[in-house]
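> The structure's right below; bear with me while I get my questions together.
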Ligand SMILES: Cc1cc2nc3c(=O)[nH]c(=O)nc-3n(C[C@H](O)[C@H](O)[C@H](O)COP(=O)(O)OP(=O)(O)OC[C@H]3O[C@@H](n4cnc5c(N)ncnc54)[C@H](O)[C@@H]3O)c2cc1C
């Protein structure tokens, strides 16, 4: 009998757990450890953040799903890994602290044969003084944050209707943020809401980003074919900003946020402040605060995790200049180089380097996006790791059998630009591969036929369909495994 | 002798924040009214929905190896 412990029940961990349960016979145990009792379809938090959906529409309780599928759910937070066991056991185990109200604060060591770290990002609001809902800006990263943002937006609209002018700043709250696509999406949803409320003329909407230029999205921008031309996501995105009258500040690092004012610096070393009435600024991400100890109890956190807190896996972490970056730097099995039974998937694995060109201001401040690990890649990694572990359990092999490199997979991104069944629009983008591979696709690094972009109501319907499809799949309803990640 | 302090000027209108890009400054093409209308034209968008769906499915299948 083997026990697989999955840490985290987000897109990657939940996918891994459901597939593990499907692939392993019932004498093997699948345990999921996650601090939140709810599953959240995070992409739709954007719609919660404009008041178009309620939190209940983007979440559901995990326990009934796990009970139905025979998965052992522990509502708890992992705090430390002991991959070599300790003086009392040779088996690896993980220390967890229960958040389940019935066992709150209880500490337990859970032994495992295989461990999947899918703990996602720590929302690192602390990196920028005053950033976040506990400071002076809003977020849409969790459904709770998104509900607060929706209430603040409703208040802004009320003031605009009363004839006041308002400045809305939306973007990222630090020079090293990722997830610019989400900030972009929220910007245009808010802009759409202002227009629908008939108050757009009194509102100034500013998108503030660490991207070198609009349309970078943390993937170094995209190139695709349109109307017989090869065009760039920069031009495409600028066109949308121009059409919708959205101002922007690019190449920016937010230094601090105070009540109604943020301070920022730009890549060329200029510092300034920006006054606002509403600011939704995403935080930078880092790994959860997990520690690791060897058999003797010595702290090996720095060997198991990268300095940013993400788990080191089978990537090439040798520091190298951009010109020497290769598709093969990116991991494909997500196994820890130190422990063949420990894996890191989704946002929790440490990327070898960014995808966008890294840049620094004259004073050394890094102002360039970290690489995104979006929903589809996260799900694909979760599935590949589940398949590898299932094979390893069945055959006794210590070599993972399945691969899911971000340099060999695409991503579909449907960035809603306004909700409404007949009035909504969305920018639907596909890219293949996520990490450019200049050996396979000389010139642009990505396939020109599989990398596409278009704007229209069809994208909004697609986003809606994906919302329902992925919630259906995550609920483990009949046929769930037929729905791709 | 020190010069008398200059009389306090009334608050200046705020200068444009550093790096602020006015959307009108972009060289990018702007869609015509017709193009914007077509983005929410139901028959056309039904067809685009099918096309985007096929494109995404192809890419998803390729990614699933
Ligand atoms: C606002 C927003 C919009 C987005 N929109 C899109 C989109 O349109 N399309 C797209 O593809 N991607 C989108 N993304 C990205 C997408 O949400 C992520 O790629 C995806 O959630 C990553 O999955 P994950 O499993 O790595 O992390 P998560 O989904 O964040 O899951 C992490 C899990 O780990 C748990 N956890 C945390 N700490 C611990 C601990 N110590 N112990 C155990 N468990 C722990 C958490 O509770 C959670 O269950 C968006 C992200 C944001 C923030």
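The values are calculated or read from the model by the stated rules, or taken from the named source; none is laboratory data. Worth saying up front: this structure is predicted, and the values here are computed from it rather than measured. For neighbour counting, all protein chains shown are included, and Cβ atoms are generated from backbone atoms with ideal geometry for every residue, glycine included.
> Filter segment A:128-145 down to the residues that are over 15 Å from the mean Cα position of the chain (by Cα) and within 16 Å of the ligand (Cβ to nearest atom), then identify the one that is farthest from residue A:48 (Cα to Cα).
A:131
> Among the residues of segment A:5-33, write down those that are assigned to a loop (DSSP other than H, G, I, E, B) and within 11 Å of the ligand (Cβ to nearest atom).
As a first pass, look at segment A:5-33 and keep what is assigned to a loop (DSSP other than H, G, I, E, B): A:8-10, A:24-28.
If the condition is that a residue be assigned to a loop (DSSP other than H, G, I, E, B) and within 11 Å of the ligand (Cβ to nearest atom), then A:8, A:9, A:10 are the ones that fit.
> On to the next question. Have a look at A:262, A:281 and point out the one that is under 25 Å from residue A:45 (Cα atoms) and away from the ligand (no atom under 16 Å from the Cβ).
A:262
> Sticking with this structure for a sec: Name the residues in segment A:227-249 that are more than 7 Å from chain B (Cβ to nearest Cβ) and within 20 Å of residue B:23 (Cβ to Cβ), would you?
Step one: of segment A:227-249, the residues more than 7 Å from chain B (Cβ to nearest Cβ) are A:227-234, A:236-237, A:240, A:244.
Of everything in segment A:227-249, those that are more than 7 Å from chain B (Cβ to nearest Cβ) and within 20 Å of residue B:23 (Cβ to Cβ) turn out to be A:231, A:232, A:233, A:234, A:236, A:237, A:240, A:244.
> Something else: Could you say whether any residue in segment A:52-74 is buried (at least 24 other Cβ atoms within 10 Å of the Cβ) and within 11 Å of the ligand (Cβ to nearest atom)?
No, segment A:52-74 contains no residue that is buried (at least 24 other Cβ atoms within 10 Å of the Cβ) and within 11 Å of the ligand (Cβ to nearest atom).
> Here is a list of conditions, (1) within 16 Å of the ligand (Cβ to nearest atom); (2) over 24 Å from the mean Cα position of the chain (by Cα), and residue A:225 meets all of them except one; can you say which number that is?
Condition (1) is where residue A:225 drops out.
For (1) within 13 Å of another protein chain (Cβ to nearest Cβ); (2) under 30 Å from residue A:241 (Cα atoms); (3) crowded, with 24+ Cβ neighbours inside 10 Å, each residue gets a yes or a no:
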| residue | (1), (2), (3) |
| --- | --- |
| A:391 | no, no, no |
| A:394 | no, no, no |
| A:399 | no, no, no |
| A:403 | yes, no, no |
| A:419 | yes, yes, no |
| A:429 | yes, yes, yes |
| A:449 | yes, yes, no |
| A:452 | yes, yes, no |
| A:479 | no, no, no |
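> Among the candidates A:116, A:96, A:169, which residue alone is within 15 Å of the ligand (Cβ to nearest atom), out of contact with any helix residue (DSSP H, G or I) (no Cβ under 6 Å at 6 or more places or on another chain), in a strand (DSSP E or B) and in contact (Cβ under 8 Å) with a residue 40 or more places away in the chain?
Testing whether each residue is within 15 Å of the ligand (Cβ to nearest atom), out of contact with any helix residue (DSSP H, G or I) (no Cβ under 6 Å at 6 or more places or on another chain), in a strand (DSSP E or B) and in contact (Cβ under 8 Å) with a residue 40 or more places away in the chain leaves just A:96.
> Could you list, ordered by first residue, the pairs with Cβ atoms under 8 Å in which the first is in segment A:26-51 and under 26 Å from residue A:109 (Cβ atoms) and the second is assigned to a loop (DSSP other than H, G, I, E, B) and at pLDDT below 95, at least 6 apart or interchain?
Hits for this filter: A:27/A:1; A:28/A:1; A:29/A:1.
> Testing residue A:344 on (1) within 13 Å of another protein chain (Cβ to nearest Cβ); (2) within 16 Å of the ligand (Cβ to nearest atom); (3) more than 30 Å from residue A:464 (Cβ to Cβ), one condition comes back false. Which one is that?
For residue A:344, the failing item is (1).
> Let me ask another. If I filter segment A:99-113 down to residues being closer than 18 Å to residue A:38 by Cβ and either within 14 Å of chain B (Cβ to nearest Cβ) or within 13 Å of the ligand (Cβ to nearest atom) (or both), which single residue comes out as surrounded by the fewest Cβ atoms within 10 Å (Cβ to Cβ)?
Taking the candidates together, the pick is A:100.
> Restricting to segment A:415-424, give me the number of residues that are away from the ligand (no atom under 15 Å from the Cβ) and modelled with pLDDT of 85 or more.
At the first step, the residues of segment A:415-424 found to be away from the ligand (no atom under 15 Å from the Cβ) are A:420-423.
Cutting the leftovers down to modelled with pLDDT of 85 or more gives us A:421-423.
Going through segment A:415-424 one residue at a time, the tally reaches 3.
> Surrounded by fewer than 24 Cβ atoms within 10 Å (Cβ to Cβ), within 13 Å of the ligand (Cβ to nearest atom) and either over 22 Å from residue A:480 (Cα atoms) or within 14 Å of another protein chain (Cβ to nearest Cβ) (or both), is that true of residue A:36? If you could, list the steps in order and put the result at the bottom.
Working: surrounded by fewer than 24 Cβ atoms within 10 Å (Cβ to Cβ): yes; within 13 Å of the ligand (Cβ to nearest atom): yes; either over 22 Å from residue A:480 (Cα atoms) or within 14 Å of another protein chain (Cβ to nearest Cβ) (or both): yes.
It is true that residue A:36 is surrounded by fewer than 24 Cβ atoms within 10 Å (Cβ to Cβ), within 13 Å of the ligand (Cβ to nearest atom) and either over 22 Å from residue A:480 (Cα atoms) or within 14 Å of another protein chain (Cβ to nearest Cβ) (or both).
Okay, residues lined up against (1) more than 8 Å from chain A (Cβ to nearest Cβ); (2) touching a strand residue (DSSP E or B) at 6+ places or on another chain (Cβ under 7 Å); (3) surrounded by fewer than 18 Cβ atoms within 10 Å (Cβ to Cβ); (4) outside any helix (DSSP H, G or I):
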site: B:28; (1), (2), (3), (4): no, no, no, yes
site: B:36; (1), (2), (3), (4): no, no, yes, no
site: B:50; (1), (2), (3), (4): yes, no, yes, no
site: B:56; (1), (2), (3), (4): no, yes, no, no
site: B:62; (1), (2), (3), (4): no, no, yes, no
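> Of all residues being more than 8 Å from the ligand (Cβ to nearest atom) and more than 23 Å from residue A:380 (Cα to Cα) in segment A:39-51, which is farthest from the chain's Cα centre (by Cα)? Just the residue, please.
This residue is A:51.
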